[in-house]
Structure formats: C-alpha cells, structure tokens
1. What are the residues in region 218-229 that are crowded, with 20+ Cβ neighbours inside 10 Å and either at pLDDT 85 or above or closer than 15 Å to residue 271 by Cβ (or both), if any?
2. Go through 381, 318 for me and flag whichever is touching a helix residue (DSSP H, G or I) at 6+ places or on another chain (Cβ under 6 Å), assigned to a loop (DSSP other than H, G, I, E, B) and not assigned by TED's automatic domain parsing to the domain that holds residue 180.
3. Report whether or not residue 399 is buried (at least 18 other Cβ atoms within 10 Å of the Cβ), assigned to a helix (DSSP H, G or I), touching a residue at least 12 places away in the same chain (Cβ under 8 Å) and not assigned by TED's automatic domain parsing to the domain that holds residue 513.
4. I want to confirm something. Restricting to region 106-127 and keeping residues that are touching a helix residue (DSSP H, G or I) at 6+ places or on another chain (Cβ under 7 Å) and not in a helix (DSSP H, G or I), which single residue is nearest to residue 72 (Cα to Cα)?
5. Evaluate region 94-103: report whether one residue or more is in a helix (DSSP H, G or I) and within 17 Å of the chain's Cα centre (by Cα).
6. Quick check on region 547-578: of everything there that is part of a helix (DSSP H, G or I) and modelled with pLDDT of 90 or more, which residue is surrounded by the most Cβ atoms within 10 Å (Cβ to Cβ)?
7. Does residue 367 satisfy the criteria of being in contact (Cβ under 8 Å) with a residue 24 or more places away in the chain, buried (at least 23 other Cβ atoms within 10 Å of the Cβ) and more than 18 Å from residue 533 (Cα to Cα)?
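The values are calculated or read from the model by the stated rules, or taken from the named source; none is laboratory data. Quick caveat, the model's predicted, so the values are computed rather than measured. For neighbour counting, all protein chains shown are included, and Cβ atoms are generated from backbone atoms with ideal geometry for every residue, glycine included.
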C-alpha cells in the first residue's frame, strides 16, 4: 500500500491531549512546546550521560586497570549508535517516532543498568554498546521530530529550550559525575558505578513525560529495512577499530592486523554494493548523497566528527592527568567550551532565523575548529589554565556554528517525506566520524606516551631538582608511591633503559600521579602533555580538510512551512483527489 493511501494514525489518547487542528495547518506554539517537553527529557538523558562519563572515565579506567583501553568504552557506544541511527529513521517512518523514542529510552535504561555491573573495560564496552543502541535513537529521533513540527525559519525560536537542556547537563553532569567518581562507596555500591545507575530513575521519569506529552499524528510510510546493510556496516567498522585499538601490541603489519584490514575493506565494498541495490530503502541511501547539500554536509560531518570527538576525548585527560584536576574540577573547567558551544548555537540560530542564510556559519565554524585544535597543540604541561580556556571558547564556538546549521541544511534540502532518513543520515555521518576519531586519536595518544615520557625523563633526570626528589623518594617509607617510583627510576637509569620504568603502569592506572612528589611526576606530566600535542596537531590537519569541504556547501532557501504540515497537506490533497475521482454510487 502506498504512503498516501495510509490513514493518518495518532498517538494521542482518547479525548485528545492536543487540540485538534486541520491536517494541513501548522501546530501552534502551545502544541509545539508541549511536544518539546517530552523531547527534552530524552535529550537530557543522552546529554547528561555524555558529560558524566567523559569526566569520570579516567577514574573508571583506573579502577578497572585499563586506562589505555578506555577507547573501547567510547567507540563501542559510538559504533552501535552509528549503526542503529538510520534504522531508527526508517522504523520511525513506519511505526511512528513516539514508539521508537520510547523504545530508545528503554534500551538506554537497560544498557545503563548493565554498565554498572562492569568488571573490566571490555565488559564495560559491551554494556556501553547496549547503551549506544538506545542513544542512537534519542538524538536523531528528537531532531527528526523537530524537523517535522517546526518550520526551518522558525527553529531558532525554540533552540533556547534545547540549549537549556545541554547547558544544564553540561554543568550538572561534571558535578554529579565527579561526586560519584570521587566517592569510594554509596549505599554499598562503588561510587563510579552510580555514573550509570543514575540514568535508571532519570530514564523512567523520561518515559513518563514522553508518554504524556509526545502526541503526534503519524502518516505511515512503508519501507523495507536494510538489515543486511546494517550488518555489513558493522563488519566494516568493528575489525578496523579492533586493529586501531590493538595494533600497537599486535604490530601494525602483523597477520592479525592485515586480517582486520582485509575484512573491513571487503565489508565496506559489499556495503556500498548493498546500498546501491537497496536504492531508497538503503540504511544510507546513496542517491541522497547526490544532493549537493546532503553530500557536502555529510562529508564535512564525518571530518568534524573525527576532529571533535578526538579533541573532546583528550581534553578531560589533559585536565585530570596533567593538571591534576579531580573529575568534578575537570568538568567545571570545561564550562568555557560549553559556553562557546551555546554562544555559537544561539547567535547562529538567531541570525539564520532573521536572514534565512546559514552557509557562512559552518565555514566560519570549521575555521575556528582548525585554529582551536592547532592552539591546543601548543598547550604544555605548565601552560596557565586560563590560556587553555580561551582556546576552549573558540573551539566551542566553532562546534556551535556547525551543529544546528548543518542539520538544518540537510533537513531543508530533502522532501518532507525524507526528513527522518535525512536527519538520521546527518547524525550517522557525525557519529561515524566520532567513532573513527576516538579510536584513532586515543590510539595515537597511548602509542606516543611511552616514548614521550622516556624523552622527558632523559631531559629532566640530570637536573638537581629531580635528583633531590629521587633521593627523598628512596628515603620514603617502603611501599609508598614516592619510594616505589624512585626505586624503579633508579633501577631503570642503572640499566640504561628509562622507558621501562617511566611508562610501566601509567597506561593502565594513572591514579598514582596524584600521590607522587611533583618533582618526580614532572617527566610523566611532560610526556603525557607532549603526546596530547601530537593528537591535537593531527586533529587540526584533519580539520583543514573539513574546512575545504565546507567551502563547497551551497546556500538553499529555507522552507517556511514545517515538514509535518507539508506531509499532512499532501496526504489531504491525495485523499480529496481520490474522492473527487471516485465513481458515483
């Protein structure tokens, strides 16, 4: 049965939670705000989880003895979120976005509960993958519903509601996450496990709010689901990410690494062929990328995702490991970054609403991201924090200039019937870049740390300050951190191999640095800082490509009507035409 022949369904309860309006008329401000209440609860759940985990991951990784394996906890989450995001778009078109939104929240709650029982970084990664299966729908479905009900020119008026959600989560997340991560035990449960458990009551509250407020008429669009494409996308991503994570141990040219490369390439080719065969029903419709706006925005989103997630994964580590901040302090120190994102989003949204022109903002934003990442490259272990915060502001503004305008451009460039798929495509490409960026940059970071620490040790070791610190450490009580490190350094120096001692242990548990004599800790801090400099330099080079791609983004006039009203109007016209052409009984 065709989409036009489907009767409009509604999620509204009997009695109508929303005032009845003709199908071809836009929703009122009151109706939109009522719907936004449900969307904001779901988005708050996802946004809060990101900020809580980002600021507590070092504590979690140290406790699970896997600081150098922390990429798994992030990439596993991003992989599943990336794969299921386009599926949510398709299924939302068929069954209605509310049902899928409720399902996404439910899966996210289950994944959060499971993550609290993790006993290793690998089990945490597995449970975070379940979380990602829910998170993939939270953001993409919310953005798709916004694209449905709010005209492109009017979205800036409602942007403040969502910025309030992100602002609240950005401030509350680090504080709450720091409190949990810093607590030894709460109600008999290890403190950091509450980082995930807290999602359970919040998620249940979100389910209640969504059920009561999110009422939309649904016009069913029949689709085939591209399960094969989803499986091939997984087969292309997972082996490659395993190699990126394990390559420094296996050897980048080892047999296992080459097996991963071959499987990824074969699966990627098969994925492209499958998408060509499925045409409009593909998980990532290739024909949609022929639209210049969608193609350019998607390519730019991949690159921005690589640079953005690589940078965001490294900054909290710098603040906690190098600057010695607690998880709570590190989260609060990232507020300039959050402020920059909000300032960029608000200012660009207001100007776009008034002028209808969006192209300039992603271009300027990409330029700011290049400068921000390049600026982070010059941050040293002893750089004053206020200077780093200034760079954070510019980096945040660059992100704010890209988030909303790129999504808006993609939604505006496709027919109303493709809003769900287009939005999920925009989200998927950014998450795909983030998955690659997190794995690549953290792999670069932890591969570079041992050599950088060894180099810093050779530079610092001859100094009087360091020699005095080693002497103090050797005289410290046996079993103390200072004594153990000083003894290891002395033995390594006698053996002519500083790297064995300087790098040993820090890649699995960096917590000892907070208890170490600052003079003894100096080579560790310098080494970590210089390794991060390499990450940010690579990120800035990658982002230059993103800036060049963004120059190709066209300016398309923004639509004045919402996709919701356009689809209902089209369905209404089809019904009237069918009725007019029906034979008289």
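1. Scanning region 218-229 gives 226, 229.
2. Going through 381, 318 in turn, the sole match is 381.
3. Working: buried (at least 18 other Cβ atoms within 10 Å of the Cβ): yes; assigned to a helix (DSSP H, G or I): yes; touching a residue at least 12 places away in the same chain (Cβ under 8 Å): yes; not assigned by TED's automatic domain parsing to the domain that holds residue 513: yes.
It is true that residue 399 is buried (at least 18 other Cβ atoms within 10 Å of the Cβ), assigned to a helix (DSSP H, G or I), touching a residue at least 12 places away in the same chain (Cβ under 8 Å) and not assigned by TED's automatic domain parsing to the domain that holds residue 513.
4. Per the criteria, the residue is 118.
5. no
6. Going through the qualifying residues, I end up with 550.
7. No: the conditions fail for residue 367.
Residue-by-condition table, conditions (1) buried (at least 16 other Cβ atoms within 10 Å of the Cβ); (2) under 30 Å from residue 355 (Cβ atoms); (3) at pLDDT below 85; (4) within 22 Å of the chain's Cα centre (by Cα):
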{"position": "145", "(1), (2), (3), (4)": "yes, yes, yes, yes"}
{"position": "164", "(1), (2), (3), (4)": "no, yes, yes, yes"}
{"position": "180", "(1), (2), (3), (4)": "yes, no, yes, yes"}
{"position": "237", "(1), (2), (3), (4)": "yes, no, yes, yes"}
{"position": "247", "(1), (2), (3), (4)": "yes, no, yes, no"}
